[in-house]
Amino acid sequence: MRMRKTAAAGAMVLALAATATACGGESGTAGDKPAGGDVFKGTYKAAKNVKVDSQVLKDAQKAKKIVIGVKADQPYLGFRDTDNKYSGFDIEIAKMVAADLGFTESQITFKPIDSNSRETTISKGDIDYYVGTYTINDERKKQVGFAGPYYTAGADLLVRREEKGITGPTSLKGKKVCSIVGSTPLQEIKKAKYGADTTELSKYSECVTQLLDNQVDAVTTDDAILKGFAAQRPKKLKVLDKPFTKEPYGVGLNKDDKALREAITKALEHHIANKDYQKAYEGTLGKSGSKYVAPETPLPRY
């Protein structure tokens with residue numbers, strides 16, 4: 001599959017609770033509406049005759065559990081509620097892959113990982129793979145491997161509903177813009193051509209709080225994440241819907257484990273083909289307003 005285009009000019013959808021970085025954090029709530037996506041509970045039939053010569057997988061099979069790194073603060077993508085239950089599109093992607101690798105849902109351990117520690121956590125083997133709005137880029141590929149991409153988002157801007165002066169990234173000169181340490185949209189918005197005054201925090205929910213309190217003028221990250229925040233505060237917040245980057249999301253794993261990378265890519269292809277992907281999307285991300293667009297196959301091999 002090539003990177004799938006998001007609806008509404010490449011936008012994705014997500015919601016808010018605590019927060020993470022574009023492309024990790026702890027769970028929490030910060031919106032006026034329920035998380036969204038938590039009503040969906042997909043079950044997936046595994047592909048047959050899957051054989052993978054991966055030591056990571058062999059160890060997981062011996063332990064009879066697979067440990068998957070995720071986000072815990074992004075409704076519609078990766079969210080952990082007060083009952084310690086996980087929901088969202090990325091959670092469903094993680095479950096699809098686990099099914100094809102031979103694991104039932106009861107054998108999955110989800111582990112929330114902050115964005116600034118993803119590469120270290122993957123490289124140390126603390127998780128078996130990672131699914132959580134993880135943008136594939138050349139710098140990260142020096143440290144970890146990627147399967148996918150399975151989705152493409154784009155950096156955008158979240159502003160207060162009454163905002164008139166900010167119309168896109170080129171109108172940010174002298175404006176205070178908040179994002180998360182380690183995010184790819186943060187690195188983009190810090191470029192001199194935008195002239196923004198950036199604030200770097202550890203959680204997107206903190207950025208949203210500052211936006212609502214008039215401490216910053218905008219929040220930037222992937223449109224998928226921002227749309228979730230706006231969906232929970234529709235009378236107070238809006239997304240400009242003018243993405244200015246491409247953020248292909250991949251499944252992160254050990255850089256040298258080519259066998260596992262290929263197996264995960266095939267798992268994604270399998271569940272796209274049998275419509276599990278579409279069903280999961282419409283039951284999670286689709287709940288926040290983004291229309292489903294079929295991804296293309298086969299996926300590129302990273």
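Every read-out reported here was derived from the displayed coordinates using simple, explicitly stated rules and does not represent laboratory data. Computed from a predicted model, the values in this text were never measured in an experiment. Here the Cβ is made from the backbone with ideal geometry for all residues, glycine too, and neighbour counts use every protein chain on show.
Taking label points 7 Å from Cα along the Cα-to-Cβ direction, K124 and N137 give a separation of 2.3 nm. Between K41 and Q61, the FRET efficiency from the beta-carbon distance, with R0 = 25 Å, is close to 0.50. Across segment 59-71, coupling constants 3J(HN,Hα) worked out from phi with the 6.51/-1.76/1.60 Karplus curve, θ = phi - 60°, read 5, 5, 5, 5, 7, 6, 7, 10, 9, 10, x, 8, 8 Hz, and Gly and Pro carry x.
Couplings for segment 270-282, taken from phi via the Karplus curve 6.51 cos²θ - 1.76 cosθ + 1.60 with θ = phi - 60°, read 4, 7, 6, 5, 8, 6, 4, 4, 5, 4, 5, 4, 5 Hz in order; Gly and Pro are left as x.
Dipole size in debye (nearest 20) for segment 155-239 around its Cα centre, Lys and Arg Cβ +1, Asp and Glu Cβ -1?
Magnitude of the dipole: close to 260 debye.
For segment 77-94, 3J(HN,Hα) computed residue by residue from phi via the Karplus equation (6.51, -1.76, 1.60; θ = phi - 60°) reads 10, x, 9, 10, 8, 5, 8, 6, 9, 9, 8, x, 4, 5, 5, 5, 4, 4 Hz, glycine and proline entered as x. Each of the peptides 225-236, 194-205 was scored by the mean count of other Cβ atoms within 10 Å over its residues; in descending order, highest first, they stand as 225-236, 194-205. Rounded, prolate or oblate: pick one for segment 106-250, where a ≥ b ≥ c are the square roots of the eigenvalues of its C-alpha gyration tensor, a/c under 1.5 means rounded, and failing that, prolate if a/b is larger than b/c, else oblate. The shape class here is prolate.
How many percent of all Cα-Cα pairs in segment 155-239 sit more than 22 Å apart? Of all Cα-Cα distances in segment 155-239, 12 percent exceed 22 Å. When the P(r) of segment 168-302 is calculated, the portion above 19 Å amounts to 60% of the C-alpha pairs.
Pulled fully out, how much extra length does the chain show between E162 and N116, if you take 0.36 nm times their separation in residues and subtract their Cα-Cα distance?
13.3 nm
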